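Here is the structure we will look at.
Read-outs throughout are calculated quantities, based only on the coordinates presented, and are distinct from any laboratory measurement. What you see is a predicted model, and the numbers here were worked out from it, not measured in a lab. Cβ coordinates were reconstructed from backbone atoms using ideal geometry, including for glycine residues, and neighbour counts include every protein chain displayed.
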Amino acid sequence: MHDLPDDDSWITARRRAIGQAIRAERRRQGLTQDEVWLAARISRWTYQRIESGEETQLSTLLRIARVLDVPLADLVR
């Protein structure tokens, strides 16, 4: 078991990495942000926040993973 660091900067770094993984997969598939957020039935604002590493809900990440047809684990490594 790992001890938590004294601050939560590691969480911010992980959120950014998840956003970067989503962006990379979307671009790899040749999709626009609009195509993904519309297909995932989330707002444009929510999608843009996720790609920039902001806080989100698990259900939103699951929607995006399904639209991109990738396992959620591939996006949150």
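Numbers for the structure displayed
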| item | result |
| --- | --- |
| Acute angle (nearest 10 degrees) that the helix 9-28 long axis makes with the longest principal axis of the chain, alpha-carbon atoms | 20 |
| Spatial separation of Cα centroids for the range 62-77 and the range 16-52, in angstrom | 11 |
| Cα gyration tensor category, rounded, prolate or oblate, for the range 33-73 with a/c compared to 1.5 | oblate |
| Of (1) 5.0; (2) 4.8; (3) 5.3, the label for mean projected area of the Cα convex hull in nm² derived from the coordinates | (3) |
| Extended-chain gain in nm, criterion 0.36 nm per residue less alpha-carbon gap, Arg16 and Asp3 | 2.5 nm |
| Burial ranking of peptide ranges 24-34, 2-12 (average Cβ count within 10 Å, highest at the top) | 24-34, 2-12 |
| Relative contact order for the chain, counting Cα pairs under 8 Å that sit 6 or more residues apart, in percent | 37 |
| Magnitude of the charge dipole, the chain, Cβ model with Lys/Arg +1 and Asp/Glu -1, debye to 20 | 420 |
